[in-house]
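Trainee: Once you've had a glance at the structure underneath, I'll fire off some questions.
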Amino acid sequence: MDTPHHQDCTHLSPTEFRAILFDLDGTLVDTAPDLLFALNRVMKEKGVESPLFLDELLPSISGGSRTMLQRGFGMDPEAPEFAELTERFLAVYSANIANRSRLFPGMEVALARIEANSMVWGIVTNKSAWLTEPLTVALGLDRRAACIVSGDATTRPKPHPDHLLIACREIGVEPAHCLYIGDAAKDIEAGRRAGMRTAVALFGYLASVDRPKEWGADCLLSSPEDLADWLAMP
């Protein structure tokens, strides 16, 4: 993959874009505290005495419940009890889905600037709709997002571009006029395959082994404030 020539997005003009699409967990919303609560609750129920700390869980979040449960229990996903653990984890998480989850600091300013620039924004996530919908409703994002495309909208998750192309159809914007922001290599690959420009949310749930400069994104965002500042460019 090519490496980006630019650390920030200042070489791109906001006027080139009509829409900005966000991954959900680790990009738009900091969902880690509620995911950690759910995982530690299930671990305690199953007799695991040592809870995980937040920084121990963060690198596993992009991999979904499978990866998080592997981190918590050190168990092979093919183990007979893994399906039961998954069901219990998702049940606890669903019941506590927006206790502490919030927009990343500075993201509200960025969203307001998107809206002030007569652009639209949306959410494209691998998270299933039965979890995405109550979370976005609780945070009031459902009333503002031009589209919310969840993981079960198609059978092929990111890095396939299908979800992003659905989003483009829903908002009526060509991929070439969209910027997709995510915190995982699969987000950037999906955006590139869809024909969009892409940005890495460096403030998201990256692992120490990740090499975001090698993912081929058009730019890297150190914070939501970077996005807000870029949107304020003439």
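Computed from the coordinates by the stated procedures, all read-outs in this text should not be read as laboratory data. Computed from a prediction, not measured in an experiment: that's the story for all the values here. A quick note on method: Cβ atoms are made from the backbone with ideal geometry, for glycine too, and the neighbour counts reach across all protein chains shown.
Trainee: Going by a ≥ b ≥ c, the root eigenvalues of the Cα gyration tensor, does the stretch 32-95 fall in the rounded group (a/c under 1.5), the prolate group (a/b larger than b/c) or the oblate group?
Mentor: Rounded, because the longest to shortest axis ratio a/c is under 1.5.
Trainee: Given the rule -39500 (n - 2.57) for each run of at least 4 DSSP H residues, summed and divided by the residues of the chain, what is its mean residue ellipticity at 222 nm, to the nearest 500 deg cm²/dmol?
Mentor: Here the helix-only value at 222 nm equals -12000 deg cm²/dmol.
Trainee: In nm, to one decimal, how far is the residue 7 label point from the residue 137 one, both placed 7 Å along Cα→Cβ?
Mentor: My value for the distance between the label points is 4.4 nm.
Trainee: Right, another one. Spelling out what I want: for every residue of the stretch 190-198, take phi, set θ = phi - 60°, compute 6.51 cos²θ - 1.76 cosθ + 1.60 (Karplus), and round to whole Hz; glycine and proline get x.
Mentor: Result, rounded to whole Hz: 4, x, 5, 5, 7, x, 9, 7, 9.
Trainee: What Cys residues in the chain have no fellow cysteine's beta-carbon under 4.7 angstrom?
Mentor: For the chain, the answer is 147, 168, 178, because their Cβ atoms have no other cysteine Cβ under 4.7 Å.
Trainee: With charges only on Cβ, +1 for K and R and -1 for D and E, what is the dipole size of the stretch 28-83 about its Cα centre, in debye, rounded to 20?
Mentor: Taking the Cα centre of the stretch 28-83 as origin, the dipole is about 80 debye.
Trainee: A further question follows. At what distance in nm do the modelled label points of residue 155 and residue 75 sit from each other, each positioned 7 Å from its Cα along Cα→Cβ?
Mentor: With each label placed 7 Å out from Cα toward Cβ, I get 2.9 nm.
Trainee: Sticking with this one: By how many nm would the segment from residue 128 to residue 50 lengthen if fully extended, with 0.36 nm per residue of separation less the alpha-carbon distance?
Mentor: 25.2 nm
Trainee: Give me the angle, in degrees from 0 to 90, between the Cα long axis of helix 107-116 and the longest principal axis of the Cα atoms of the chain, rounded to the nearest 10.
Mentor: 30 degrees
Trainee: A further question follows. What whole number of Å gives the distance from the Cα centroid of the stretch 121-171 to the Cα centroid of the stretch 1-70?
Mentor: Centre-to-centre distance over Cα atoms comes out at 16 Å.
Trainee: In what sequence do 67, 31 fall when counting other Cβ within 10 Å, fewest first?
Mentor: Arranged by neighbour count, lowest to highest, 67, 31 become 67, 31.
Trainee: Something else about it: Please compute the net charge surrounding residue 131, taking Lys and Arg as +1 and Asp and Glu as -1 over other residues with Cβ under 12 Å from its Cβ.
Mentor: Around residue 131, the charge tally is -3.
Trainee: If amide H atoms are built 1.01 Å from N in the plane of the peptide, which residues on other chains or at least 5 residues away come under 5 Å of the amide H of residue 103?
Mentor: Those qualifying (amide H under 5 Å, at least 5 residues apart or on another chain) are 30.
Trainee: Which one, 168, 51, 198, is farthest towards the positive end of the dipole of the chain when Lys and Arg carry +1 and Asp and Glu -1 on their Cβ?
Mentor: About the Cα centre, the residue reaching furthest to the positive side is 168.
Trainee: What is the stretch 32-95's relative contact order, in percent, from Cα pairs under 8 angstrom and six or more apart in sequence?
Mentor: 40 percent
Trainee: Now a separate question. Return the Cα extents of the stretch 147-232 along principal axes one, two and three, sorted largest first, each rounded to a whole Å.
Mentor: Cα extents, longest axis first: 32, 31, 19 Å.
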